[in-house]
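Everything below concerns the one structure shown next.
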Amino acid sequence: MGGDFATFPCDFQNLTFCGSQPGNIAGGYIFNWPISQWGSRVKVNLEGFGHYQIGVYDQNQQYLGYENKLWPVWYQGSTGVLVPVEIAWNPKFAGGRLEGSYKFGGWYSSGQQPDTIYDYNGNLIAFSGLQAATRTGMYGAYVTFQQQITRTDDKNPNRGLRLFFNAAFADTVTATTDRQIAAGFWYTGPFDARPNDAVAFAFGTTHQNQRITQVAMLQNALGLGPVAVKDSEYVFELDYTFVPVPGFQIRPNLQYIYSPGGSVINKDVWVLGLKTVISF
């Protein structure tokens, strides 16, 4: 699904800003690259507007394994289907000079996932230690927006400022992380001598399911802790893309992660990253 719906370029290195968001927060049954699965979709291009599409994907946890990966195989024991829908508006402002992409979508899965806090007897797993209850019928929604704001070179349509905003929300019954929100910008051609270079900045947050947080707080209140109480993780990334020749990109970046894993007890993290891209 991550290759067809809620698609977003992987220009940044931190996965908060890279690729399709639904698979980031519901990765137990929504798969991003390089995991593949059987599926199909119907996409209808709407002239002058954008597109509408609907898909159907097989739900089977065996796609996450390592066996039979070199050839197509249909695994036994599928639990249902994943059905995403998406409608996109692709406007062009300022006489067609400023392009935008606005995607709205959602999904429903008839597959199975474990409950985040309750066991098969309806009691809290944290107290009983029993196996989680199996739930059927997962769902969620997302938006992903991109819009070029300025265009500084008529000969190079990419030069200028582009903004983005992404948000994905999953049901709280089965998703341990129930939402992820990110925003940022790219500015291509910051210097006349470097028209293909780009500066980019992004910030985002990933939120732990509040049901899990409340159970952890209850454990501590009853003297069963200490149990880490988690909430949201916050990530910031600053990139510079150096393009020495067309098709070759060198992208160093600086990342700052506040409350890693959603826990303020964890020490904040600084990351120096490097990403390279060669396109033929």
Considering only residues that are modelled with pLDDT of 95 or more and surrounded by 16 or more Cβ atoms within 10 Å (Cβ to Cβ), which ones fall in the range 88-99? Ala88, Asn90
Residues (hydrophobic (A, V, I, L, M, F, W, C) and modelled with pLDDT under 95) located in the range 249-277: Val264, Ile265, Val277
Mind telling me which of the residues Gly3, Gly48 ends up being part of a loop (DSSP other than H, G, I, E, B), more than 29 Å from Leu274 (Cβ to Cβ) and out of contact with any strand residue (DSSP E or B) (no Cβ under 8 Å at 6 or more places or on another chain)? Gly48
For the structure I just gave you, tell me whether Thr206 is closer than 23 Å to Ser259 by Cα and polar (S, T, N, Q). yes
Out of the range 56-78, which residues are among the charged types (D, E, K, R) and in a loop (DSSP other than H, G, I, E, B)? Glu67, Lys69
In the range 228-250, which residues are of a type in the set (A, V, I, L, M) and either touching a residue at least 60 places away in the same chain (Cβ under 8 Å) or closer than 12 Å to Phe12 by Cβ (or both)? Val235, Leu238
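Do you know which residues across the range 194-246 are assigned to a helix (DSSP H, G or I) and farther than 30 Å from Gly140 by Cβ? Talk me through it step by step, then tell me what you get.
Here is the first cut: in the range 194-246, the residues assigned to a helix (DSSP H, G or I) are 210-221.
Across the range 194-246, the qualifying residue is only Ala221.
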Do we find that Tyr102 is surrounded by fewer than 18 Cβ atoms within 10 Å (Cβ to Cβ), touching a residue at least 24 places away in the same chain (Cβ under 8 Å), more than 13 Å from the chain's Cα centre (by Cα) and farther than 30 Å from Ser128 by Cα in this structure? yes
Out of the residues in the range 189-227 meeting the condition of being closer than 23 Å to Gln146 by Cβ and polar (S, T, N, Q), tell me which one is surrounded by the fewest Cβ atoms within 10 Å (Cβ to Cβ). Asn196
Residues located in the range 145-191, provided they are assigned to a strand (DSSP E or B), out of contact with any Ser or Thr (no Cβ under 8 Å at 6 or more places or on another chain) and of a type in the set (Val, Ile, Thr): Thr188
Taking the range 227-280, which residues are farther than 15 Å from Ala198 by Cα, in contact with a Ser or Thr (Cβ under 6 Å, 6 or more places away or on another chain) and among the polar types (S, T, N, Q)? Ser232
Does the range 139-150 contain any residue that is surrounded by 15 or more Cβ atoms within 10 Å (Cβ to Cβ), of a type in the set (A, V, I, L, M, F, W, C) and within 22 Å of Phe12 (Cα to Cα)? yes
Test for Phe31: is it among the aromatic types (Phe, Trp, Tyr), farther than 25 Å from Asn209 by Cα and out of contact with any Leu (no Cβ under 6 Å at 6 or more places or on another chain): no
Go through the residues of the range 52-65 one by one and say whether even a single one is closer than 26 Å to Arg162 by Cα, at pLDDT 95 or above and touching a strand residue (DSSP E or B) at 6+ places or on another chain (Cβ under 7 Å). yes
Hey, Gln53 hits all of (1) touching an Asp or Glu at 6+ places or on another chain (Cβ under 6 Å); (2) part of a loop (DSSP other than H, G, I, E, B) but one; which does it fall short on? (2)
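The values are calculated or read from the model by the stated rules, or taken from the named source; none is laboratory data. Only a predicted model underlies this, so the values are computations on that prediction, with no experimental measurement involved. Note that we place each Cβ from the backbone using ideal geometry, even for glycine, and neighbour counts take in every protein chain shown.
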